[in-house]
Amino acid sequence: MDIALAVGVEKMNEVDTATSLAVGGRGGNYLWEYHFYGTTFPAYYALYATAHMARFGTTEEQLALVRVKNQKYAARNPKAQFQFEVTVEDVLKSRPITWPLKLYDCSAITDGAAAAIVASEDVIRKLHIDAPVWIDAIGYASDTSNITRREDYVSLKATKIAAQMAYKKAGIEPRDVEVAEVHDCFTIAEIMAYEDLGFVEKGKGGKFIEEGQSDVGGKVAVNLSGGLLGKGHPLGATGLAMIYELVKQLREERERGRQAPLKRYIALAHNIGGTGHYGYVTVLRR
């Protein structure tokens, strides 16, 4: 194909919250975990959060800072689901969902759609596209769906393998990435992503957000769309929504106050499937 159209869409509000949670909970190991224990996604990520806190001393306040940062940019994004800002206190005082995750630590039920046009290099040149964004590399990996067989609960192995594959194909290092959209379905997910993608060493993701290293002006600007937490997480559209945001970032077409400062024009999209048993990392360049 010379030109292809990719479309993602999800209408999660067609059912009530309990049904949505129940369907989502089947994203893990259905025959064992969901069928016997009634697992939900907040429960899975609370497991990651408590493990990370126990091993590395990560705090609830550091988790809250992820939502504070992402809401700052969601408030400036006209396409975001939640266009308001929050404070650390707001996050900590929001009602408990599955400790240590509170309401504002969790992405919401979302309707949404996204699309992208992918074309060959010949077509790009033939049509005289003046600001094309190139796909440098795509890394992908999978891990066991059985949570009891994971190597540990403080990272996602699929993310690490996918990232290493993408970096090698693109001929870059993590430090070369200037702007990223990562899979922050819960606040702990963004902190683990910093580490698994190599932006910071394992165990220091909490300090990374605390020091502002994932904000504009830090080492890498992360989730300037507002992320899944603020922009929204319509499952089938999330990956393409990341690509859309990063293309706009690389073309320097974002709204005032949420445009990443760029020198190398290298961006990264990180998407997760299931409870962490699928990982995809895409490197884009302009």
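The values are calculated or read from the model by the stated rules, or taken from the named source; none is laboratory data. What you see is a predicted model, and the numbers here were worked out from it, not measured in a lab. Quick reminder, even Gly has a Cβ in these numbers, built from the backbone with ideal geometry, and neighbours come from all protein chains shown.
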Qualifying residues in the stretch 34-51 (those that are in a helix (DSSP H, G or I) and in contact with a helix residue (DSSP H, G or I) (Cβ under 6 Å, 6 or more places away or on another chain)) - the one modelled with the lowest pLDDT: Tyr34
Close pairs (7 angstrom Cβ cut-off, 6 or more residues apart or separate chains): free of Cβ contacts under 8 Å to residues at least 60 places away in the same chain and farther than 30 Å from Leu47 by Cα in the stretch 254-277, surrounded by fewer than 19 Cβ atoms within 10 Å (Cβ to Cβ) and among the acidic types (Asp, Glu) anywhere: Gln259/Glu252
For residues that are touching a strand residue (DSSP E or B) at 6+ places or on another chain (Cβ under 6 Å) and either assigned to a strand (DSSP E or B) or not aliphatic (A, V, I, L, M) (or both), scanning just the stretch 191-222, find the one that is nearest to Ala260 (Cα to Cα). Ala221
Could you tell me which of the residues Gly227, Gly232, Gly205 is within 9 Å of Glu181 (Cα to Cα) and either surrounded by 17 or more Cβ atoms within 10 Å (Cβ to Cβ) or touching a Lys or Arg at 6+ places or on another chain (Cβ under 7 Å) (or both)? Gly227
Output the strands (runs of 3 or more DSSP E) that fall wholly within the stretch 107-190 and possess 1 or more residues being more than 26 Å from Glu61 (Cα to Cα), modelled with pLDDT of 95 or more and touching a strand residue (DSSP E or B) at 6+ places or on another chain (Cβ under 8 Å), or say none. 111-119, 134-142
Go through the stretch 65-106 and give me each residue that's among the small types (Gly, Ala, Ser) and not in a helix (DSSP H, G or I). Ala75, Ala80, Ser94
Report yes if some residue within the stretch 46-53 is surrounded by fewer than 21 Cβ atoms within 10 Å (Cβ to Cβ) and either under 30 Å from Glu253 (Cβ atoms) or more than 21 Å from the chain's Cα centre (by Cα) (or both); otherwise report no. no
